[in-house]
1. Mind pulling the angle between the C-alpha long axis of helix 251-268 and the longest principal axis of the chain? Nearest 10 degrees, somewhere in 0 to 90.
2. Using Cα-Cα distances under 8 Å and only pairs 6 or more residues apart, what relative contact order does segment 299-433 have, in percent?
3. Tilt of helix 415-433 relative to the longest C-alpha principal axis of the chain, in degrees (0 to 90, nearest 10)?
4. Enumerate lysine pairs in segment 63-170 that are 8 or more residues apart or on different chains, then count those whose Cα atoms are under 18 Å apart.
5. Mark the label point 7 Å from the Cα of Arg145 along Cα→Cβ and return the residues of segment 47-71 whose backbone N is within less than 20 Å of it.
6. What is the angle, in °, between the Cα long axis of helix 5-47 and the longest principal axis of the Cα atoms in the chain? Nearest 10 is fine, range 0 to 90.
7. If I model a spin label as a point 7 Å beyond the Cα along the Cα-Cβ vector, how far apart are those points for Ile259 and Asp306 in nm?
8. Simple spin-label model, 7 Å along Cα-to-Cβ: Leu69 to Asn271 in nm?
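The values are calculated or read from the model by the stated rules, or taken from the named source; none is laboratory data. Please read all numbers here as calculations on a predicted model, not as lab measurements. Cβ coordinates were reconstructed from backbone atoms using ideal geometry, including for glycine residues, and neighbour counts include every protein chain displayed. The accessibility values were calculated without ligands, DNA or RNA, using every heavy atom of the protein model including side chains. Shrake-Rupley method; radii C 1.70, N 1.55, O 1.52, S 1.80 Å.
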Amino acid sequence: MSLKILPLLVMGLATSVWADEVRDALFAQSVEEMFPKLVETRRDIHSHPELSNEEHRTAALVADRLRALGLDVQTGVAKHGVVALLKGGQEGKCVAVRADMDALPIKELRAVPYRSQNPGVMHACGHDVHTTVALGVAELLAKHRDQIKGSVKFLFQPAEEAMPNTYKKDWGAKLMVAEGAMDNPRPDAVFGLHCSTSVSPVGLIDDQTHYLQAGQLAYTIGPDNANSDRFQITIRGKMAHGSAPHYGVDAIVVAAEAINALQTIRSRMTNTRQPLVISIGTIQGGQRENIIAEKVVMGGTVRTYDAAFRDKVVEMMHRILKGITEAHGATYEMDYRIGYPSIINNEALVKATLPAFRRIVGEANVWEVIPGMGGEDFSYFAQVTPGFYFRLGVANEDKGIIHGAHTPMFDVDEDCLKVGVKVMSAAVCDFLAK
């Protein structure tokens, strides 16, 4: 490299960094002004939670807000999804921001003014925050269109949590993709975030809980969430009286042996470096205390990162079930339902985005963490284009906001709303600019 060129490159880099910091400061001021509205929006959505594929009110609220900002809005995508396009002041690429809108069938226990008004339904996973942050990003970027080199596609998704009786149909992100949400224009990258109260940072070997406070972010490179599959196993034996078990085939005994044997897939048949979880969550069998059970039905989940390995696990499950049932003179059936694929964070996109995170919250507040074994259908968007799914800290120990998602005491420190809008907006603008 010419020594004459080097100062010009350094000067260009300095100018770019300076421009980023100026934009960050401009955005931060606008977000502070927006904060009361962000809190009001989040509390309104939290008070009116809607289950998967029932997001009528939330979708209408989102669409109205986006139209008021002058965005091109499409509704009814994947039933209640909303897709909107914000065109920037300059020509460029397209980037997508995804937010899920549905709630969970959980009774809220926190006695807060904004608690759920829909009995038995609660935003226990933070989707009210996700939706509010995305609306905040849309409002902020609409206000500062001159800062946007390209366009931003907003994907407000229904049915991330899904419905137990719809596993044979497409829903949520998969259905949005099938209905063209990622087309016209197709984004060059997609970002998503998720509320987190606690994480497991890379490099720490203790088993203590590490709270992810409001103002902190966490990320992974590569796998973030797991392939999330479900199965139902039916074991059939032969009914007999409990006083004469030798006349029957006890499906409960066979099921008990099968449950223990299935755990050896993880402990004895799998490379210790290969992540795997096999869990039996339900079991039903028997009619009376003194009757040998003829049938047992078990339900569970398998979590993996690698799809090919997942297929090997299914083969091993069949082999174990076949051997045990045949040994006892029983039979089995297994209905294995492939669910959400694993989220794979694009390495180049993550590394290109981290400087924006560190500018906004400081390097000490950006943690690389160990991937989890949960399931999330953001993965369908990330299969279309490079994706980055990161964690937004929402905990506050002083306020008692420490409970995990999918629990009736879950809540967030609402300062996370400001952080979410600022970091997502910076990530979007950095990507489009560079």
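1. Around 50 degrees separate the two axes.
2. 24
3. Orientation of helix 415-433: about 70 degrees from the principal axis.
4. Details: Lys79/Lys168; Lys79/Lys169; Lys87/Lys143; Lys87/Lys149; Lys87/Lys153; Lys93/Lys149; Lys93/Lys153; Lys143/Lys153.
The result is 8.
5. 63-71
6. 60
7. Label at Ile259, label at Asp306, 3.0 nm between them.
8. 4.4
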